[in-house]
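A.B. asks: Quick one: structure below, then a few questions.
Just so you know, all these numbers are worked out from the coordinates, no wet-lab data involved. From a predicted model like this one, the values you see are computed outputs, not experimental measurements. Cβ atoms come from the backbone with ideal geometry, glycine included; neighbour counts cover every protein chain shown.
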Amino acid sequence: MSEVPSVSVICPSYNHGRHVGDFLRSMLAQTDPRWELIIIDDASTDDNVSKISLFADSRIKVIVRAHNRGVTAGMNEGVALSCADLVAFIASDDVAHPRYVERVLAAFANSPSAIAAYVELDRMGLDGASMGEPCT
């Protein structure tokens with residue numbers, strides 16, 4: 001990686017082999033490339049790690065644990081490994097909007113004293129269709 005990323009996206013992951021490809025494609029489709037992704041696989045017993053390994057990108061770091069330690073430990077480990085000033089958390093069964101990173105960075109640029117930001121959540125079914133009103 002030639003420059004320090006602007007945001008470290010931390011992604012604890014456990015047995016999301018069915019969904020992790022969609023998540024990774026959504027990260028690779030970001031309009032702003034100034035991110036790193038740290039995936040902490042929490043000793044998955046499905047094909048999660050093999051699915052993740054299909055996505056080669058210098059911004060993606062994968063840590064595979066031998067023993068399950070839980071989502072909070074994964075989040076803490078990801079933060080410890082992060083390089084950016086900003087940290088975001090996302091689950092590996094989520095799909096990020098193409099402008100997710102762009103909008104997070106803009107929110108902090110527009111409000112320099114902010115210490116946190118959140119995004120709207122649109123619940124989707126397995127078929128990718130919206131399941132109703134977005135959650136905030």
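A.B. asks: Can VAL119 be described as in contact (Cβ under 8 Å) with a residue 40 or more places away in the chain, in contact with a Lys or Arg (Cβ under 9 Å, 6 or more places away or on another chain) and outside any helix (DSSP H, G or I)? Walk me through how you get there before you give the answer.
C.D. replies: Working: in contact (Cβ under 8 Å) with a residue 40 or more places away in the chain: no; in contact with a Lys or Arg (Cβ under 9 Å, 6 or more places away or on another chain): yes; outside any helix (DSSP H, G or I): yes.
Against the criterion (in contact (Cβ under 8 Å) with a residue 40 or more places away in the chain, in contact with a Lys or Arg (Cβ under 9 Å, 6 or more places away or on another chain) and outside any helix (DSSP H, G or I)), VAL119 does not qualify.
A.B. asks: Within 11 Å of the chain's Cα centre (by Cα) and small (Gly, Ala, Ser): is that true of SER50 in this structure? Steps first, please.
C.D. replies: Values: within 11 Å of the chain's Cα centre (by Cα): no; small (Gly, Ala, Ser): yes.
When the stated conditions are applied, SER50 does not pass them.
A.B. asks: So which residues in segment 65-106 are of a type in the set (A, V, I, L, M) and closer than 22 Å to ARG18 by Cα, if there are any at all? Steps first, answer last, please.
C.D. replies: From segment 65-106, those of a type in the set (A, V, I, L, M) are 66, 71, 73, 75, 79-81, 84, 86-88, 90-91, 95-96, 101, 104-106; that's our starting set.
Passing the criteria: ALA66, VAL71, MET75, ILE90, ALA91, VAL95, ALA96.
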